[in-house]
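Only one structure is covered here, and it is reproduced in the block below.
The values are calculated or read from the model by the stated rules, or taken from the named source; none is laboratory data. Quick caveat: nothing in here was measured; it's all calculated off a predicted structure. Because the Cβ atoms are built from the backbone with ideal geometry, glycine has one as well, and the counts that use them run over all protein chains shown.
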Amino acid sequence: MTIGHVTASGHVQIQIVVEDSNEGTHDVQALLDAGFNGALALPAQRIAALGLKRRGQVTAVLASGEERNVPTYRATVRVGRTRHSAVVAEAGESLVGMRLLWGFDLGIQCIDGGKVDLDRLS
């Protein structure tokens, strides 16, 4: 199933659906970050708009090596046809990490406009 595309600058952009606190659904465009071992990161404004409940906090290690404590939340997220309960970390941009894609076969056509396909592993 195609869930995204590769941008001209080489970023992998995928579409997911996040449920808000009233079980309404919201399409979210996010970048795939293979170096992020969490599930999902969203900006604070998006988290507030979704009405997500705070779960706690984690210490995140950024690409620069800097450690930062960030709030976490719980959300129901749909990737392709699969629905997950996921921990959402607060961040500056929307990112999908490897934990959300665990158990899937990910295919990326590494060209401008290339397809991003995701299939559940048996």
Identify the single condition in (1) modelled with pLDDT of 95 or more; (2) closer than 16 Å to A34 by Cα that L101 does not satisfy, given that it satisfies every other one.
(1)
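Quick one: which residue in V6, V12, V18 is at pLDDT 95 or above, in contact with a Leu (Cβ under 8 Å, 6 or more places away or on another chain), farther than 11 Å from A75 by Cα and not small (G, A, S)?
Values: V6 fails: in contact with a Leu (Cβ under 8 Å, 6 or more places away or on another chain); V18 fails: farther than 11 Å from A75 by Cα.
Exactly one residue qualifies, and that residue is V12.
Each row is one residue, and each column tells you yes or no for (1) over 15 Å from H26 (Cα atoms); (2) in contact with a Gly (Cβ under 8 Å, 6 or more places away or on another chain).
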| site | (1), (2) |
| --- | --- |
| A39 | yes, yes |
| I47 | no, no |
| G51 | no, no |
| G56 | yes, no |
| N69 | yes, no |
| T76 | no, no |
| G103 | yes, no |
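Filter the stretch 1-33 down to residues that are among the aliphatic types (A, V, I, L, M) and in contact with a Gly (Cβ under 6 Å, 6 or more places away or on another chain) and give me whichever is surrounded by the most Cβ atoms within 10 Å (Cβ to Cβ).
Just the residues of the stretch 1-33 that are among the aliphatic types (A, V, I, L, M), to begin with: 1, 3, 6, 8, 12, 14, 16-18, 28, 30-32.
Now restrict to residues that are in contact with a Gly (Cβ under 6 Å, 6 or more places away or on another chain): 1, 3, 6, 14.
Details: M1: 12, I3: 21, V6: 19, I14: 23.
That would be I14.
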If you go through the stretch 93-105, how many residues are of a type outside the set (S, T, Y), surrounded by 16 or more Cβ atoms within 10 Å (Cβ to Cβ) and either assigned to a strand (DSSP E or B) or touching a helix residue (DSSP H, G or I) at 6+ places or on another chain (Cβ under 8 Å) (or both)?
3
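Conditions tested, residue by residue: (1) in contact with a His (Cβ under 6 Å, 6 or more places away or on another chain); (2) not charged (D, E, K, R).
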| site | (1), (2) |
| --- | --- |
| I47 | no, yes |
| V58 | no, yes |
| R68 | no, no |
| Y73 | no, yes |
| V77 | yes, yes |
| A91 | no, yes |
Matching residues in the stretch 107-122 - criterion: being at pLDDT 95 or above and either closer than 29 Å to E67 by Cβ or touching a Lys or Arg at 6+ places or on another chain (Cβ under 9 Å) (or both)
G107, I108, Q109
Among the residues of the stretch 44-67, is any hydrophobic (A, V, I, L, M, F, W, C), in contact with a helix residue (DSSP H, G or I) (Cβ under 8 Å, 6 or more places away or on another chain) and at pLDDT 95 or above?
no
For the stretch 41-92, enumerate the residues that are in contact with a Phe, Trp or Tyr (Cβ under 6 Å, 6 or more places away or on another chain), surrounded by 15 or more Cβ atoms within 10 Å (Cβ to Cβ) and either part of a loop (DSSP other than H, G, I, E, B) or not aliphatic (A, V, I, L, M) (or both).
L52
